[in-house]
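Just below is one structure, and these are the notes that go with it.
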Amino acid sequence: MAKRARSQEAKEEKAGAILDMAADMFATKDFEKIKMSEIAKALGISNGILFVYFKTKEMLFFQLLMREYARRLENMEQRIKNTDIGNYDLFKKLVLEEMAVIIEDSDMYIRLISIRGAILEKNIDLEAMIESKQWFYNRFKEVALVIHERCKVFKPDEIMEIFLVQESILVGCKLCSSLPKDVLNIIDKYQMEGFKFAFKDNALKTMSFYLDGMHQHE
């Protein structure tokens, strides 16, 4: 059985390994079907050690979401540094391209934000949640300021609003497109194509309409 990590570096490494294992399981299972004991067993640690790092399953997956947020903001910052966004059209292009990448490559991120409010924030340590949210807000604001420096079309708080709306669009469009197989079979059988919802196309279209509307009211 693995020993409890003692140094800060070892603790961070252990926490990272736990998050990695949770991510691996989440790739093939829904949140409610994953057990903390299953994660501990896969890592070769006791349930007690696992709960030292993450008091609840919700806290574990909340921190996994925070890690995904951190990665997204870092990637966005790098993209901004290498992209001309000096006017509205270029800024809009950046937002839609980044959104397309999320849809194509970040299914775990979308699934996590889909359960954040209803599940992940219901059974977690309040102090830890506040600390994480404060970190996220400050990091998010840093990126918004970087964007504003390169593109004066929107203010930093408006840029933050845009990306929060984008998150809502991702969740809503994902939900509308996630029909059970039996329902899809009925739609095909009775030729009710209007009930089919293309996730990527509709998400990008909705985001585009929102950006245009916001820009016109500037």
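The values are calculated or read from the model by the stated rules, or taken from the named source; none is laboratory data. Since the structure is predicted, the reported quantities are computational estimates derived from the model, not experimental observations. Cβ placement follows ideal geometry from the backbone for every residue including glycine, while neighbour counts extend to all protein chains displayed. The accessibility values were calculated without ligands, DNA or RNA, using every heavy atom of the protein model including side chains. Shrake-Rupley method; radii C 1.70, N 1.55, O 1.52, S 1.80 Å.
Tabulated data for the structure shown
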| read-out | value |
| --- | --- |
| Residue-level accessible surface for Glu12, protein heavy atoms, 1.4 Å, Å² | 120 Å² |
| Cα long-axis angle, helix 126-150 against the chain (0 to 90 degrees, to the nearest 10) | 30 degrees |
| Protein-only accessible surface order, largest first, of Lys11, Lys35, Lys92 at 1.4 Å | Lys35, Lys11, Lys92 |
| Accessible area per residue in Å² at 1.4 Å probe, computed on the stretch 1-112 | 53 Å² |
| Rough spin-label spacing in nm, given labels placed 7 Å along Cα→Cβ, for Arg150 and Glu127 | 3.9 nm |
| Length released on extending from Met108 to Gln78, taking residue separation times 0.36 nm less the Cα-Cα span | 8.7 nm |
| Links that overshoot a 19 Å alpha carbon limit, given the list Lys93/Lys205; Lys93/Lys152; Lys81/Lys205; Lys57/Lys141 | Lys81/Lys205; Lys57/Lys141 |
| Charged-residue dipole, Cβ positions (Lys, Arg, Asp, Glu), the chain about Cα centre, Debye nearest 20 | 720 debye |
| Crossing angle, helix 199-216 versus the chain [Cα axis fit, 0-90 degrees, rounded to tens] | 60 degrees |
| For the stretch 119-218, accessible area per residue (1.4 Å probe, heavy atoms of protein chains only), Å² | 65 Å² |
| Tyr210 accessible area, 1.4 Å probe, all protein chains in place, Å² to nearest 10 | 60 Å² |
| Tensor-based shape of the stretch 47-93 (alpha-carbon gyration tensor, a/c under 1.5 rounded, otherwise prolate or oblate) | prolate |
| Protein accessible area in the chain, 1.4 Å probe - carbon and sulfur % | 53 percent |
| Label corresponding to Rg and Dmax of the Cα atoms in Å when calculated from the structure given, among (i) 20.0, 62; (ii) 21.2, 72; (iii) 19.5, 76 | (i) |
| Per-pair calculated FRET efficiency, R0 = 22 Å: Lys55 and Lys29 via Cβ, rounded to 0.05 | 0.55 |
| Computed E for His217/Ala10 - FRET, C-beta separation, R0 35 angstrom, nearest 0.05 | 0.10 |
| In Å², nearest 10: area of Arg139 left accessible to a 1.4 Å probe | 40 Å² |
